[in-house]
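For reference, the structure discussed in these notes is given below.
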Amino acid sequence: MQQVIQLTLSGIAIGSIYACLAVALVLIYKTTHHVNFAQGEMATFSAYVALFAVGLGLPLWLAAVVAVLFAFVSGMVIERVVIRRFHSASATTFVVACIALFIGINSLSGWIFGHDLKAFPSIFGAGTSSVVPFLSAHEVGSIVTVVVIAGLLYLFLSHTSLGLAMRATADNPVSARLSGVPVDWLLTLGWGIAAAVGAVAALLVAPIVFLDPNMMIGVLIYAFAAALLGGLDSPWGAIVGGILIGVIENLAGAYVVGNDMKLSLALLIIVAVLMLLPQGLLGRKTATRV
Amino acid sequence: MQTPNSSSRRIGALLIVAAIALLVALPMLVKGFFLFQITMVLCMALAVMGLNIVVGYGGQLSLGHGAVFAIGAYVAAVGMDSFALHWLPAVVIAGLVCLAFGVLFGWPSLRLKGHHLALATFALALAMPQILKHRSIETWTGGVQGVMVFNSPVPDWLPLSREVFVFYLVLAVVLIAFFGTAALFRSRMGRAIIAVKENQIAAASMGVNVTRTKLATFALSCLLTGLAGALYTLITEYVSPDSFDLMKSILLLVAVMVGGAGTILGPLVGAVFIQFVPNLAEQVSQSATSAIYAGFLLIMVFFMPTGVVGFVRGLLIRLRARR
Amino acid sequence: MSEMLLETRALGAGYGPVTVLRDIAVQIPKGQITALIGANGAGKTTLLRAISGLCATSGDILFDGSPITRLATNRIAARGIAHVPDGRGTLAGLSVEDNLLVGGYLQRRRAARAAGIERIYSHFPKLKQRRHQQAGTLSGGEQQMLAIGRALMQGPRLLMLDEPSFGLAPLIVRELFTIIADINRTEGLSILLVEQNVHQALSMSQRAILIEHGQVARSGPSAEFLGNDDIRRAYLGS
Ligand SMILES: Nc1ncnc2c1ncn2[C@@H]1O[C@H](COP(=O)(O)OP(=O)(O)O)[C@@H](O)[C@H]1O
Ligand SMILES: [Mg+2]
């Protein structure tokens with residue numbers, strides 16, 4: 001029983017990380033109805049930027065801030081330079097463009113920072129937590145981080161006029177434009193925010209698995225599963241989905257399929273959700289009367 | 001769109017005959033590693049043809065055809081190794097298994113819209129190496145070690161070396177697939193596939209069974225890619241789980257896009273591209289190959305959505321119009 | 001400053017390779033209701049979209065004397081043109097109040113937005129009752145009122161309405177047009193009204209423009225349209 005509790009708690013912690021990346025995916029899906037397959041690779045690159053900043057002598061927390069800011073700006077640049085032309089393209093074309101970014105950024109990471117595994121310190125320190133039993137400081141920190149991100153996101157979306165404009169853009173871009181909302185700029189901003197949230201996920205993953213160019217590929221697939229489970233257009237669903245997936249992964253890994261089949265488990269969850277629950281848990285089913 | 005007139009069609013036919021003649025004569029002209037590479041190009045062309053059917057003609061995205069290739073390769077390898085099958089039934093069974101897989105995986109997935117299918121197939125591509133390594137099938141698949149295949153496919157009565165025999169075998173399958181798909185897309189079935197791509201609702205209203213057509217497209221595509229996987233086993237005599245990772249699927253997609261999605265010749269061009277770029281690029285850096293793929297993918301989606309073949313065809317049409 | 005609020009010169013518009021409007025020269029006077037009429041497919045919606053920068057155009061569009069032809073849609077809105085598109089363009093997943101707040105996006109001051117919302121509620125009391133409801137769940141008439149309310153929140157100088165009565169019950173239509181005429185009268189707001197109900201449109205407007213096959217067939221005082229036999233036969237069915 002104690003083991004189940006322990007696995008559940010650490011599942012919540014790892015699930016928080018999936019939730020972060022899933023939120024990034026959902027933010028983009030909500031505004032553009034496209035899935036950014038390059039989200040994980042963008043995040044990995046940002047984690048390298050943090051490590052690079054540490055190498056320059058910056059304290060870890062400041063390096064993390066630099067990395068998140070870097071992600072924010074580069075996310076906006078990528079949207080402006082590449083993605084912009086594909087917003088209205090078919091899903092196929094868009095995904096091909098994303099795959100180009102995926103392998104491009106992945107090889108760039110390897111090229112600049114090398115292919116070897118790099119140890120990455122946790123912002124929350126290496127010890128066990130004094131607050132929650134069974135969990136390390138890093139795990140508790142991950143959970144707190146996702147709670148903070150959810151809170152900030154809620155404040156932004158529901159209580160600022162920029163957030164309202166973002167929701168309007170997601171809902172009906174033409175009407176938003178006609179109301180004076182600078183939709184193009186908001187799409188750019190959305191990519192920036194998503195990239196920043198994704199970078200946080202990478203900063204949380206790296207201390208657990210070591211940093212290498214392919215670090216986020218497995219996490220990405222879990223984030224896909226989380227986003228689909230929660231409903232691709234619901235940020236709150238992504239968080240719920242992420243945590244559920246983390247717990248399922250831990251329990252199933254220990255008791256059902258074995259830890260060597262975790263990616264296959266993600267495949268199974270993805271196919272099952274697509275089949276049985278295509279809207280996701282919190283996905284939007286708007287009732288529209290005409 | 002201009003249709004090629006009869007004289008240019010005759011030139012095209014002549015070119016194809018010449019190319020085939022050259023390929024048939026090739027083992028007399030080149031040997032060793034280069035022949036192996038050409039065999040690999042043809043094998044990859046077959047796999048790319050399969051993916052091209054889904055992406056180029058079906059208008060859907062699969063990021064998991066590397067996994068289908070893997071299934072074909074493993075079924076053939078296990079068939080020949082553990083079950084001591086002759087290569088011919090092994091290859092045929094591999095193709096059929098992939099066809100069945102296409103139906104099984106495609107049946108639920110194809111109701112999904114573009115992104116969802118891409119997601120599901122992406123997950124498939126990532127999971128495949130793990131699945132191949134799994135303990136429960138280790139006796140056949142050899143786990144991380146993979147499978148070595150040590151039987152010679154050359155019949156006793158043929159005075160050919162192994163390499164040359166496999167080359168002709170792959171060439172024959174590729175030619176059949178090439179002319180088969182070309183004929184298919186001129187047939188009723190092919191027109192239905194294209195109609196579904198252009199406009200599902202319109203196609204449905206013209207009496208096309210959209211779901212069945214999509215399923216047939218996906219299954220046929222898996223058949224070709226799976227056969228290519230089986231031939232790959234014959235060529236390399238060895239399969240290992242980690243050679244069928246996500247990159248394999250991405251590679252096939254790169255080939256489709258560079259050659260030209262929805263063109264008959266595109267897969268050949270794309271296969272040449274993915275076979276020879278790594279040779280050149282790896283002299284620069286380990287990362288250069290992927291960087292080049294990324295660059296070419298972007299060039300294709302930005303400027304040449306119909307790939308090299310479509311681009312050249314457009315150029316020819318413009319030249320002819322000027323005259 | 002001219003009497004004309006909006007003017008197009010040799011305006012052409014279309015979608016990709018398709019040209020829909022050719023050589024359109026129209027003038028929209030200040031403070032009046034101008035009716036834009038024409039058969040289905042004549043190009044009325046396209047003209048509104050061209051003015052709002054939602055489709056490719058050639059030629060010139062002057063708003064209050066300055067060109068807006070090359071501006072982005074949100075900048076055109078910022079100049080003072082509000083456009084209620086056909087099909088109402090409801091932000092279906094947002095609440096009624098959020099819809100109105102989106103309309104007030106250009107209003108930087110929170111107090112101005114709050115005052116604007118109260119003004120809209122005074123025109124459309126039903127919206128106030130449903131302020132927290134998801135807009136997609138409103139009835140057609142309520143959605144149309146919400147769309148007009150959202151447009152009014154912009155504090156526009158020109159309001160363009162694309163078939164506001166489409167698909168609504170006659171009773172609702174009458175209520176809607178009363179409010180539209182009221183807003184024009186009390187606030188002096190200039191309105192460009194596209195309407196299938198030609199009689200209604202002509203009788204509530206001062207001027208009218210008739211578009212046929214993407215070109216202006218006739219324009220002038222609405223009273224002259226009403227008195228013209230050809231128009232009566234073709235568009236009024238009498
Ligand atoms: N998005 C579009 N793409 C191509 N043609 C269009 C599009 N929208 C409208 N059209 C064409 O433009 C013409 C005018 O349409 P529209 O402006 O909607 O007419 P109206 O509003 O007067 O009924 C029609 O022939 C229509 O087919
Ligand atoms: Mg219209």
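The values are calculated or read from the model by the stated rules, or taken from the named source; none is laboratory data. Quick caveat: nothing in here was measured; it's all calculated off a predicted structure. Here the Cβ is made from the backbone with ideal geometry for all residues, glycine too, and neighbour counts use every protein chain on show. Accessible surface areas use protein heavy atoms only, side chains included; no ligands, DNA or RNA. Shrake-Rupley method; radii C 1.70, N 1.55, O 1.52, S 1.80 Å.
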- Task: Name the single residue, out of those in segment C:193-214 being at pLDDT below 95 and among the polar types (S, T, N, Q), that is nearest to ligand 2 (Cβ to nearest atom).
- Result: C:Q196
- Message: Suppose the filter is out of contact with any Ser or Thr (no Cβ under 9 Å at 6 or more places or on another chain) and either in contact (Cβ under 8 Å) with a residue 40 or more places away in the chain or in a helix (DSSP H, G or I) (or both); does B:L124 pass it?
- Response: no
- Query: In this structure, is A:F102 within 14 Å of chain B (Cβ to nearest Cβ) and crowded, with 19+ Cβ neighbours inside 10 Å?
  - Reply: yes
- Item | Residue that is farthest from ligand 1 (Cβ to nearest atom), among those in segment C:11-22 that are open to solvent by 60 Å² or more (accessible area, probe 1.4 Å) and either more than 14 Å from chain A (Cβ to nearest Cβ) or at positive phi (or both) | C:R22
- Item | Entirely in segment C:6-101, the strands (runs of 3 or more DSSP E) that have 2 or more residues that are touching a Gly at 6+ places or on another chain (Cβ under 6 Å) and away from ligand 2 (no atom under 15 Å from the Cβ) | C:56-63
- Tell me, yes or no, whether segment A:119-128 has at least one residue that is open to solvent by 20 Å² or more (accessible area, probe 1.4 Å), within 14 Å of chain B (Cβ to nearest Cβ) and not in a helix (DSSP H, G or I). no
- Query: Is at least one residue of segment A:130-145 free of Cβ contacts under 8 Å to residues at least 12 places away in the same chain, part of a helix (DSSP H, G or I) and away from chain C (no Cβ under 11 Å)?
  - Reply: yes
- Task: Return the total of residues in segment C:54-91 being within 12 Å of chain A (Cβ to nearest Cβ), within 15 Å of ligand 1 (Cβ to nearest atom) and open to solvent by 30 Å² or more (accessible area, probe 1.4 Å).
- Result: 3
- Scan segment B:57-84 residue by residue and report those that are more than 18 Å from B:K133 (Cβ to Cβ), surrounded by fewer than 24 Cβ atoms within 10 Å (Cβ to Cβ) and in contact with a Ser or Thr (Cβ under 9 Å, 6 or more places away or on another chain). B:Y57, B:G59
- Message: Going residue by residue through segment C:23-45, is there one that turns out to be of a type in the set (D, E), away from ligand 1 (no atom under 16 Å from the Cβ) and open to solvent by 10 Å² or more (accessible area, probe 1.4 Å)?
- Response: no
- Task: Quick one: which helices (runs of 4 or more DSSP H) lie wholly within segment C:102-195 and hold at least 1 residues that are within 14 Å of another protein chain (Cβ to nearest Cβ) and more than 16 Å from ligand 1 (Cβ to nearest atom)?
- Result: C:110-123, C:140-153, C:170-187
- Task: Being closer than 22 Å to C:R49 by Cα, facing chain C (nearest Cβ under 7 Å) and open to solvent by 50 Å² or more (accessible area, probe 1.4 Å) is the filter here, so list the residues in segment A:149-190 that pass it.
- Result: A:V174, A:R177
